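For reference, the structure is listed below as structure tokens.
The values are calculated or read from the model by the stated rules, or taken from the named source; none is laboratory data. Predicted model, so just to flag it, every value in this text is computed and none were measured. Cβ placement follows ideal geometry from the backbone for every residue including glycine, while neighbour counts extend to all protein chains displayed.
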Ligand SMILES: Cc1cc2nc3c(=O)[nH]c(=O)nc-3n(C[C@H](O)[C@H](O)[C@H](O)COP(=O)(O)OP(=O)(O)OC[C@H]3O[C@@H](n4cnc5c(N)ncnc54)[C@H](O)[C@@H]3O)c2cc1C
């Protein structure tokens, strides 16, 4: 790499942050540009005056040795912990325990603690939506939605979901844009509900239902204070068919299903109802990441590697190594 390579990473989700951290640790100068108010992307935690709940990713598993080491490091720093919630399947066959010996990790005391921790030593520019990439390697510039320009950068990393990557990639790397266009993301309605009544004998469930696919008592995760807050995710067909519906209506409908499934008949207060237009991908790429070294352009994200938290981290981490190996 150049003596002090200057890299821009677009997107402060786990993939972008993992990439930025590795580049930074190797002595490069890195700027992370994020359209939202803070880092985290789909590992976000919603919060109210007296509640919090993981709205996107619910837990993560670790299989790859490098990711296992990263998770162990997060555990040591107190930002990740094992969740030993009682997990079941709820369906027509009734309630059956999930007994798969899988270690399920969560951020602690909330999912967003992991990405906040990664972002800590990075220069993250919030509320900066990037609308275009221009220039030559060594002099790459970014256009922002506010009409400003940032740069010049030796390399640019695009770390956003495929639909948001396409307009950035099309003018400069049409082949990459085409690859992104081939990856479909499922939408998902997510609801946070405060329930009252007798707590069931499970903390989370994979659900076979026309409306819900997942529900979890967020309060059963380590470090959480509010015991009666539940999160539920809708099945793909429901989320797709009702994508443009009013969040208030969807929230009430999903809360009713959560009550029915948990048997907590004492009342349900909808605290948040959120539409994920892009939640998890169907048929992700198998490349790990995309890289055009001669252009100083890299692409990472869960969708380049798989569909989970671990894939996002591996994609970003591996792209950083590849950029450095290529001497960008
Ligand atoms: C409802 C739901 C449930 C899930 N459940 C699980 C689970 O239980 N286990 C699991 O392992 N995974 C789960 N996932 C998937 C997991 O959350 C993702 O795989 C992972 O968080 C993706 O990280 P990422 O960095 O690739 O993308 P993101 O987290 O999407 O990060 C991309 C970032 O880029 C920003 N951005 C987008 N466009 C621009 C732009 N033009 N300019 C600047 N910034 C931009 C976005 O705001 C975002 O912060 C779930 C996801 C959802 C939504």
Legend entry - The listed residue being modelled with pLDDT of 95 or more, outside any loop (DSSP other than H, G, I, E, B), buried (at least 22 other Cβ atoms within 10 Å of the Cβ) and not assigned by TED's automatic domain parsing to the domain that holds residue 302, out of 106, 88, 30: 106
Legend entry - Conditions (1) at pLDDT 95 or above; (2) more than 26 Å from residue 313 (Cβ to Cβ): number failed by residue 197: (1)
Legend entry - For residue 160: the one exception among (1) more than 15 Å from the ligand (Cβ to nearest atom); (2) touching a strand residue (DSSP E or B) at 6+ places or on another chain (Cβ under 9 Å); (3) part of a loop (DSSP other than H, G, I, E, B): (1)
Inset, instruction - For residue 176, state whether it is away from the ligand (no atom under 16 Å from the Cβ), buried (at least 20 other Cβ atoms within 10 Å of the Cβ) and more than 16 Å from residue 45 (Cα to Cα). - result: no
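Condition check ((1) within 19 Å of residue 122 (Cβ to Cβ); (2) part of a strand (DSSP E or B); (3) under 17 Å from the mean Cα position of the chain (by Cα); (4) without any contact (Cβ under 8 Å) to a residue 24 or more places away in the chain) across all residues:
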residue	(1), (2), (3), (4)
24	yes, no, no, no
42	yes, no, yes, no
58	no, no, yes, no
70	yes, no, yes, no
76	no, no, no, yes
Inset, instruction - Can you give me the ranges of the strands (runs of 3 or more DSSP E) entirely in segment 230-328 with at least 3 residues that are outside the structural domain of residue 209 (by TED's automatic domain parsing), under 30 Å from residue 86 (Cβ atoms) and away from the ligand (no atom under 13 Å from the Cβ)? - result: none
